[in-house]
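Have a look at the structure below, then the notes.
The values are calculated or read from the model by the stated rules, or taken from the named source; none is laboratory data. Computed from a predicted model, the values in this text were never measured in an experiment. No Cβ is skipped: glycine too gets one built from the backbone with ideal geometry, and neighbour counts run over all protein chains shown.
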Amino acid sequence: MKRTNTMIITTVILSLALTSVFAFELNNNKITTATSEIPFSAEAKSSDTHNITMEAVAMPDGMYAYRMVSYNINGDDDLVGTQYSGKPSIPGPTIILNEGDEANVTLINSACDNNFVDGPSHPLGVPTFSETSLIGIHVHGVHYDITDDATYSRVNMVESSGAQCGDEIEYNWVAAPGTTGAWPYHDHMFSINEVGAEELGLFGTVIINPANGKVNGLVDGQTGEVKNVKVDDIEKEFVLWMVSSETLGRSIFYGNEIDYDTSDYSGNSGIRETALWTNPNLVATDGKIYRFHVMGLGDEVHAFHLHGHRWTEDIHEKASEEDIIDVKEIVPLQRHTFIVQASDNDEADTTHDDAEGWMYHCHITDHMEQGMSGMMSVLPDYQNDDLPIVGATFTLSDEPGLWMKTLDAGVADELDNYLADKIGLPIDAKDGTGFPLGYISDALEAAVPGAGLVFLIQKDILLQ
Ligand SMILES: [Cu+2]
């Protein structure tokens, strides 16, 4: 860890043992421990260095979010603008490493900048330069020095490792052999309770691929046989966080997708991560392979269930037919990674011409009733599973985050400017945010209670 004014070198290496990681979590009485679940490891081969800069920002609705500022591997091209949008999202940007890689992660704390988006005063106020304004990135799974753990000195017994408002801090992570799988990262410092601002949106995911490039656990839909899959054959990653939030007053899914085949996006043929926000619709193509990473956050237990598909409990080498499940209990900060072959499962329809929708949801009745669910749409195999980048739909709803997900459809900045111009709203959102509350409050004033408003704006109009 390097700080602007201080540099302390320590040789203490934190053990990977999950017990030591969770010991910190147990300081907070409301969190229960996750069961240990370490996927298989393999010999590390060549390793890459990931140079990552992220920023923590305050959102106008009271939430906080991480955004990717820059990302290069071994000094190559910046991936912001291609793989990463650079916009704040919940969950934060997904960091994808291979076993053996190293990541130098710089966090800039800009959450105190109440000018990030012009709008109403931040509901939590601007934090003062005190301990309570520290923000960090505490990560699970990877190896790091104790001073890179992003907690307070009274927790790590060495030094507080967060960034003050307006400052930055650097962490070093090593995806050592044996760390494969998906891991949570989250703030552990903001506010006085040491849980950090994770409930306010400061959390995200690290995916570590095995050095041998293979995962196990694909269940053959016909025979029930369990097979290996090459990581390179995965079409998309679906990251789904099962969040119980006092801030939102409900339990809800937050999701991202990482699409490895964006050939239909103009100007970008590589990887692309898209924030899907709350209770997202997942788009898949019949027959292609998708990897899910289901993570827990908050203080409640959830049970993930996806209709029409089965998978294995774990994707390590030992997975067999006895490990096949279709529901998985998820406790806070637990992670569960599995793969499925998207299927329309419609044997009666030999043409397989229609899209099928499969529901995923929390199997806890209370949470289901709160709407903790979404759909996986499986398209015919001649259609692609790319998300549209043309147009954006604003839906007013009482579902937290719903209006935000549509604003992140890739045209938010243009929409800001276009709408500000067209409607004459006094909006001056900083580029890359796309969250002008003015639209919402103005629309709400015009709408009768209970009404739904949908604005549909085509990108080609914006470009005229
Ligand atoms: Cu639940």
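State yes or no: is Thr278 within 16 Å of the ligand (Cβ to nearest atom), in contact with a strand residue (DSSP E or B) (Cβ under 6 Å, 6 or more places away or on another chain) and of a type in the set (Val, Ile, Thr)? Considered against the rule, which asks whether it is within 16 Å of the ligand (Cβ to nearest atom), in contact with a strand residue (DSSP E or B) (Cβ under 6 Å, 6 or more places away or on another chain) and of a type in the set (Val, Ile, Thr), Thr278 comes out as yes. Taking the range 319-346 as the range and being under 14 Å from Thr180 (Cβ atoms) and either touching a helix residue (DSSP H, G or I) at 6+ places or on another chain (Cβ under 7 Å) or at pLDDT below 90 (or both) as the test, only Ala319 passes. With respect to (1) farther than 23 Å from Met242 by Cα; (2) at pLDDT 85 or above, the lone exception for Val206 is condition (1). Listed by position, the strands (runs of 3 or more DSSP E) contained in the range 150-229 that have at least 1 residues being over 23 Å from the mean Cα position of the chain (by Cα) are 214-219.
Kindly establish whether Met189 is of a type outside the set (Val, Ile, Thr), under 17 Å from Val294 (Cβ atoms) and touching a helix residue (DSSP H, G or I) at 6+ places or on another chain (Cβ under 9 Å). Considered against the rule, which asks whether it is of a type outside the set (Val, Ile, Thr), under 17 Å from Val294 (Cβ atoms) and touching a helix residue (DSSP H, G or I) at 6+ places or on another chain (Cβ under 9 Å), Met189 comes out as no. The set of residues from the range 226-246 being at pLDDT below 95 and within 16 Å of the ligand (Cβ to nearest atom) comprises Val243, Ser244, Ser245, Glu246. Among the residues of the range 314-343, write down those that are within 14 Å of the ligand (Cβ to nearest atom) and part of a loop (DSSP other than H, G, I, E, B). Hits for the range 314-343 are Val331, Pro332, Gln334.
Contact map, the range 365-384: residues that are within 28 Å of Glu235 (Cα to Cα) and modelled with pLDDT of 85 or more paired with residues that are within 13 Å of the ligand (Cβ to nearest atom) and acidic (Asp, Glu), Cβ distance under 9 Å, separation 6+ or inter-chain. Pairs shown: Met372/Asp366. In the range 291-313, the qualifying residues are those that are part of a loop (DSSP other than H, G, I, E, B) and farther than 24 Å from Val378 by Cβ, and the one that is farthest from the ligand (Cβ to nearest atom) is Asp299.
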